[in-house]
Amino acid sequence: MEKRERGRDLQSLAAGYDKMLRLTSYPVAVKLFEEIADFEKVRYKGKSVMLQQKRLAVCQIFAHARYYGRLNAATREKLDLCRLGADAFGFPVTDYTKVYSGTYFDCDETARKMIETTPKFKRDLYKVVLVAPLEKSPIYPDVVLFYGNTAQILRLVHGYLYDKGGRLEFSSSGDAGACADPVVIPMETGKPSIGIPCNGGRVLSWPSDNDLVCGVPGGLLEEVLKGVEATHFGPGQIHYPVAWQHIDWEPQPPVTDFLHPEKAKGKKEEQG
């Protein structure tokens with residue numbers, strides 16, 4: 001694991017987020033390498049990391065880590081199944097305007113406008129993508145993907161803005177919701193970004209209709225967790241699960257009439 005000046009290691013951070021958010025799947029640590037030689041230096045439990053040999057979409061290897069707990073890696077040549085995702089990561093792709101023209105968009109012009117405005121890394125910058133559950137990552141990640149429902153993702157927004165104020169902004173085209181929005185944007189801006197699962201991501205890697213994903217830059221992991229913990233334990237008690245305060249309220253009529261029908265009957269007799 002990389003040497004770094006941070007207070008908590010990745011296992012501790014993963015445990016902290018698990019305690020605060022109660023996620024149903026692993027947070028996914030993502031690390032991108034500009035050179036294959038740098039990737040080959042990475043060791044997990046004393047062994048090198050194997051490269052994926054299947055041809056997949058970028059979001060699929062995220063799902064491997066998210067659901068199966070796999071430490072996985074792939075070269076850009078094996079991650080071009082979804083050309084929009086590959087393009088967002090700066091990998092070489094052939095023109096794919098026709099994939100979106102007449103399907104998601106009404107013509108070539110509107111399809112190209114979506115493609116051109118999708119956030120992208122510099123072309124040919126990255127050669128290898130490594131993913132792992134946060135707690136198992138052998139190297140400090142560039143970004144961590146947190147998959148959850150709206151209430152869980154809201155807590156990450158609280159955590160990030162706790163000592164900043166203001167608003168966290170994000171955008172969507174209805175596509176690239178598992179790659180460009182939660183990976184490229186956080187790495188380019190240094191801020192968390194929320195992604196809405198795109199259709200391709202749902203078909204290939206996203207079985208839940210209720211998921212959002214929030215990408216948090218690796219350098220902000222401890223800071224965001226501190227904000228989540230501060231709001232959780234503070235006087236406001238902003239929890240996940242939501243602290244439904246009415247469960248502690250003393251029931252009043254007409255609810256108590258059903259709980260104690262004999263009392264309700266006596267009251268009616270008195271009124272009669």
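So here's what we get for this one:
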{"quantity": "Given 11 as the ceiling on other Cβ atoms within 10 Å, longest exposed-site-free region of the chain for chymotrypsin sites (Phe, Trp or Tyr not before Pro) in DSSP loops", "calculated": "1-243"}
{"quantity": "C-alpha center-to-center spacing [the stretch 176-253, the stretch 49-101] in angstrom", "calculated": "24"}
{"quantity": "Equivalent ellipsoid dimensions for the stretch 10-241 as semi-axes, Å, which come from the Cα gyration tensor, largest first", "calculated": "28, 23, 15"}
{"quantity": "Label-point separation in nm, R123 to E109, each point 7 Å along Cα→Cβ", "calculated": "2.5"}
{"quantity": "Rough spin-label spacing in nm, given labels placed 7 Å along Cα→Cβ, for N149 and V99", "calculated": "3.3"}
{"quantity": "Positive-end residue, the chain charge dipole about Cα centroid, Cβ charges, pick of P251, P207, F39", "calculated": "F39"}
{"quantity": "Simple Cβ-charge dipole of the chain, Lys/Arg +1 and Asp/Glu -1, about Cα centre, in debye nearest 20", "calculated": "800"}
{"quantity": "The stretch 1-93 - convex hull of the alpha-carbon atoms, volume per residue in Å³", "calculated": "131"}
{"quantity": "Least to most buried among E250, E116 (fewest other Cβ within 10 Å first)", "calculated": "E250, E116"}
{"quantity": "Fewest-first ranking of K191, K122, using other Cβ atoms within 10 Å as the exposure measure", "calculated": "K122, K191"}
{"quantity": "Under 11 Å, Cβ to Cβ, from V224 - net charge with Lys/Arg +1 and Asp/Glu -1", "calculated": "0"}
{"quantity": "Distance in nm between pseudo-label sites at S172 and E222 (7 Å out along the Cβ direction from Cα)", "calculated": "3.3"}
{"quantity": "Gaussian network model of the chain, Cα within-10 Å springs - most flexible of G201, G46, G234", "calculated": "G46"}
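Rule-based calculations on the coordinates, nothing more; no lab input. The model shown is predicted, which means the values in this text are computed figures rather than measured ones. Backbone-built Cβ (ideal geometry, glycine too); neighbour counts: all protein chains shown.
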